[in-house]
Amino acid sequence: MLHDHIIAQLLAQNKEWAQVVENTDPGFFERSAQGQEPKVLWIGCSDSRVPESVITASMPGVIFTHRNIANQCHHADDNINSVLEYAVGTLKIPHIVVVGHSKCGGVAHAWATAHDEHPHRFFANWGDLIPFVKAGSALERWLAPLTAIARAQPDLSVEELGIANVRAQVLGVIKSKVVKKAWEEDQELWIHGWEYDLATGHLRDLGIAFGPEGEVAETV
Amino acid sequence: MFYDHVLASLLANNKQWAADVQKAEPGFFEQCTKGQAPKVLWIGCADSRVPESVVTASRPGDIFVHRNIANQIHPDDDSALAVLTYAVEHLGVTHVVIVGHTQCGGAAACHAAAQSPPSPSAPDTPLGRWLAPLTDLAREGKMGPEELVEANVRAQVRNVVETAVMQGAWEKGRDVWVHGWVYEIEKGELRDLGVSVGRGDGEVVV
């Protein structure tokens, strides 16, 4: 059947949701259509368990969002760099949060590759169809920098690698042309590293933060 | 101020949300730690007004997500291809939905750029390069900005269909579909464009 119940369900849920919103906050959508003024750019993982607006109870319009495998910021990636250009250059968003999470499949694959281990033990209960990354694939290329981090710090556990990854991606963001230019032009812009713990549903500020003056020693 | 109330309120909202979930469904987070089995990959726009799980009232675990400027799938973009690969080959999603939206800033910029003759030199910024195919699409047909949003979704459906990931999945007999939707910001409503492609559709003109 062309549209099995999943698709029909999503569309039906959307209609119901739209009605509830309009009833609760009449004119919400009309106002939304005037424009967006998000104050946060979220760079997170594609993982289905980390939907930024649900876990922060945010309405549409609050968080500008880029999600990819293992929340990466690669230097020469036009995809994320165009997001940064639009978010910082056009929307003048003042806060970028790079958000990693526990039990990240991308991190697990990179760790396993770096340790010459078969990743199977990480995915035995995860329902993944194939527990390995095909050689020569876009996914292998995509995970190469993260695998390099794992190789460079072999003593890190998988979860510690996840945290190191967040820090590395924050550094990637601050080295981007867009961010450097924004700071040169005295634009209000801070970059933060956060972690989402699947076990508790809690977001945690990792205390990694950079602003125009450099790394910020303390948060809040 | 470096750590202004916006971030503090996100973190506070999160704590409250987690407490509410824990109360309403005590085993939910533990279940999440066991793995993910989403049936849907959403390729949408980074636009803050189109958070997939909110507009579809979905739970964590339902939808695997890639959001970029103007919901693009470029054939040579490792970021999107890695997401598609992981979603289809590792997680076994059964539906890939490309979701464009009205009031898309990226599409509007391309529509505007298409009103002038093309520049002799190639774009030299990431955003310029990223939106070059969409600008070309805008030039091809004389269409308004909202028609471009729809044409864009159709083009991205074609791009996904043509990937080795999708072709390979179909060759293996996988029952996976590609759909094109438009989210209408003015109403908060998703609209299926009716351009779905599945296994066995062969040469599909979208």
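The values are calculated or read from the model by the stated rules, or taken from the named source; none is laboratory data. From a predicted model like this one, the values you see are computed outputs, not experimental measurements. All Cβ positions, glycine included, derive from the backbone under ideal geometry; neighbour counts span all protein chains shown.
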Original post:
Could you list, in sequence order, the residues of region B:51-70 that are more than 7 Å from chain A (Cβ to nearest Cβ) and of a type in the set (A, V, I, L, M, F, W, C)?
Top reply: B:A70
Subject >> Residue in region A:175-208 that is nearest to A:V98 (Cα to Cα), counting only those that are buried (at least 20 other Cβ atoms within 10 Å of the Cβ) and touching a Phe, Trp or Tyr at 6+ places or on another chain (Cβ under 6 Å) >> reply: A:I191
Original post:
When you look at B:V96, is it at the interface with another protein chain (Cβ under 7 Å from one of its Cβ atoms) and under 20 Å from B:V161 (Cβ atoms), yes or no?
Top reply: no
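From the list B:A108, B:A87, B:A132, exactly one residue is at pLDDT 95 or above and under 16 Å from B:L41 (Cα atoms). Which is it? Walk me through it before giving the result.
Working: B:A108 fails: under 16 Å from B:L41 (Cα atoms); B:A132 fails: under 16 Å from B:L41 (Cα atoms).
Residue meeting the stated conditions: B:A87.
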Original post:
Which of the following residues is in contact with a strand residue (DSSP E or B) (Cβ under 8 Å, 6 or more places away or on another chain) and surrounded by fewer than 24 Cβ atoms within 10 Å (Cβ to Cβ): A:V54, A:V50, A:V40?
Top reply: A:V40
Original post:
Can you find even one residue in region A:69-79 that is surrounded by fewer than 24 Cβ atoms within 10 Å (Cβ to Cβ), in contact (Cβ under 8 Å) with a residue 12 or more places away in the chain and in a loop (DSSP other than H, G, I, E, B)?
Top reply: yes
**OP:** With the checklist (1) under 15 Å from the mean Cα position of the chain (by Cα); (2) at the interface with chain A (Cβ under 7 Å from one of its Cβ atoms); (3) within 30 Å of A:F210 (Cβ to Cβ) in hand, flag the one item B:C45 doesn't pass.
**Re:** (2)
Original post:
With A:G89, A:G106 as the choices, which residue is crowded, with 24+ Cβ neighbours inside 10 Å, more than 7 Å from chain B (Cβ to nearest Cβ) and either among the small types (G, A, S) or assigned to a loop (DSSP other than H, G, I, E, B) (or both)?
Top reply: A:G106
Original post:
Residues in region A:184-210 that are in contact (Cβ under 8 Å) with a residue 12 or more places away in the chain and of a type in the set (D, E, K, R): how many?
Top reply: 5
Original post:
Got a number for residues in region A:155-168 being assigned to a helix (DSSP H, G or I) and either aliphatic (A, V, I, L, M) or buried (at least 19 other Cβ atoms within 10 Å of the Cβ) (or both)?
Top reply: 8
Subject >> Filtered residue count, region A:34-58, keeping only those that are free of Cβ contacts under 8 Å to residues at least 12 places away in the same chain and aliphatic (A, V, I, L, M) >> reply: 2
**OP:** Answer yes if at least one residue in region B:160-178 is more than 13 Å from every other protein chain (Cβ to nearest Cβ), closer than 27 Å to A:A138 by Cβ, out of contact with any Ser or Thr (no Cβ under 7 Å at 6 or more places or on another chain) and in a loop (DSSP other than H, G, I, E, B), and no otherwise.
**Re:** yes
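Restricting the search to region A:135-146, which residues are under 18 Å from the mean Cα position of the chain (by Cα) and either over 17 Å from A:H118 (Cα atoms) or of a type outside the set (A, V, I, L, M) (or both)?
Selection gives A:W142, A:P145.
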Subject >> Close pairs from region A:169-183: first assigned to a helix (DSSP H, G or I), partner exposed (fewer than 13 other Cβ atoms within 10 Å of the Cβ), Cβ under 7 Å, at least 6 apart >> reply: A:G172/A:H75
Original post:
Can A:P26 be described as facing another protein chain (nearest Cβ under 7 Å), modelled with pLDDT of 95 or more and either outside any helix (DSSP H, G or I) or closer than 25 Å to B:A109 by Cα (or both)?
Top reply: no
**OP:** Would you be able to tell me the number of residues in region A:60-79 that are at the interface with another protein chain (Cβ under 7 Å from one of its Cβ atoms), out of contact with any Leu (no Cβ under 6 Å at 6 or more places or on another chain) and at negative phi?
**Re:** 11
Original post:
Quick one: in region A:29-50, which of the residues that are small (G, A, S) and assigned to a loop (DSSP other than H, G, I, E, B) is farthest from the other protein chains (Cβ to nearest Cβ)?
Top reply: A:G35
Subject >> Residue match in region B:23-35 (condition: within 7 Å of chain A (Cβ to nearest Cβ) and closer than 26 Å to A:G35 by Cβ) >> reply: no
